1. Considering only protein heavy atoms, what is the solvent-accessible area of Ile47 at a probe of 1.4 Å, reported in Å² to the nearest 10?
2. Using the Cα centre as the reference, give the magnitude of the dipole from point charges on the C-beta atoms of the stretch 8-128 (Lys, Arg: +1; Asp, Glu: -1; all else neutral), rounded to the nearest 20 debye.
3. Show which aspartates and glutamates lie in cross-link reach of Lys198 when reach means a straight Cα distance below 15 angstrom and same-chain residues fewer than eight apart are skipped.
4. Using a 1.4 Å probe on the protein chains only, how many percent of the accessible area of the stretch 9-100 belongs to carbon and sulfur?
Amino acid sequence: MAIVSSSTSQISPANERLYHQSALIGDWKGNWVGNGNQPVGFKVVNIRGARAQVEYTHNGHTERGFAEVQGTLITFGGVTVGTKDGKNMVMLFSFGGAGKQTANLEKQAPPASDSRLMGSWGGYSSDNGKSASFKVLAVNGKEAQVSVTTDGVTRQGTGYVYKNVIMFGQAQIATDDGQNGKIIYQVGTKSFVVPVTKYPPADSSSSVDRTA
């Protein structure tokens, strides 16, 4: 499970409601204002309480580490970033008393469509009385770490990714919009189709708010 823990986030429901901190998570790229319009990048891997795991790319090299989270802002060394709409980020770099520099960044789209498959899926078919669940733990190119439960039996292993479909053994999951999909699995010569939906992340505000 270590492959998952590096990217999971623990944002408190109160902070998410107040600051929408999940909007900060992602890969951001842009350019410094002035300074030859040099490119700069900032990646927020996850947020856990008052700490964020980040990557700061400038002048051709990347610094990785943990940053401080305060409301809508993340501070990493002399760099502070923030976003109001989850699409555009403002970066401020303070270098001692010598001055300040700003950059405008845009959130980058996920690298591949198969990222829509990430997460836990489950559902029930009234047509055949079957229920199934499919957990996509990690996607790495054409391979995915998955856990599939059909007919009460759970299997784990590596599946094959093709566009918006993951195939694993006698089962496969497909989604068009990243929220709704279907699991097709085979038992002997019979195939069963189960419509599924993606569950909200267990540690996100959407699943905690109901009890908050």
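1. Near enough 0 Å² of accessible area.
2. Approximately 240 debye in magnitude.
3. Those aspartates and glutamates meeting the cut-off are Asp114, Asp176, Asp177.
4. Result for the stretch 9-100: 51 percent of the exposed heavy-atom area is carbon or sulfur.
The values are calculated or read from the model by the stated rules, or taken from the named source; none is laboratory data. Keep in mind it's a predicted model, so treat the numbers as computed, not measured. Because the Cβ atoms are built from the backbone with ideal geometry, glycine has one as well, and the counts that use them run over all protein chains shown. Only protein heavy atoms, including side chains, enter the accessible area calculation; ligands, DNA and RNA are left aside. Shrake-Rupley method; radii C 1.70, N 1.55, O 1.52, S 1.80 Å.
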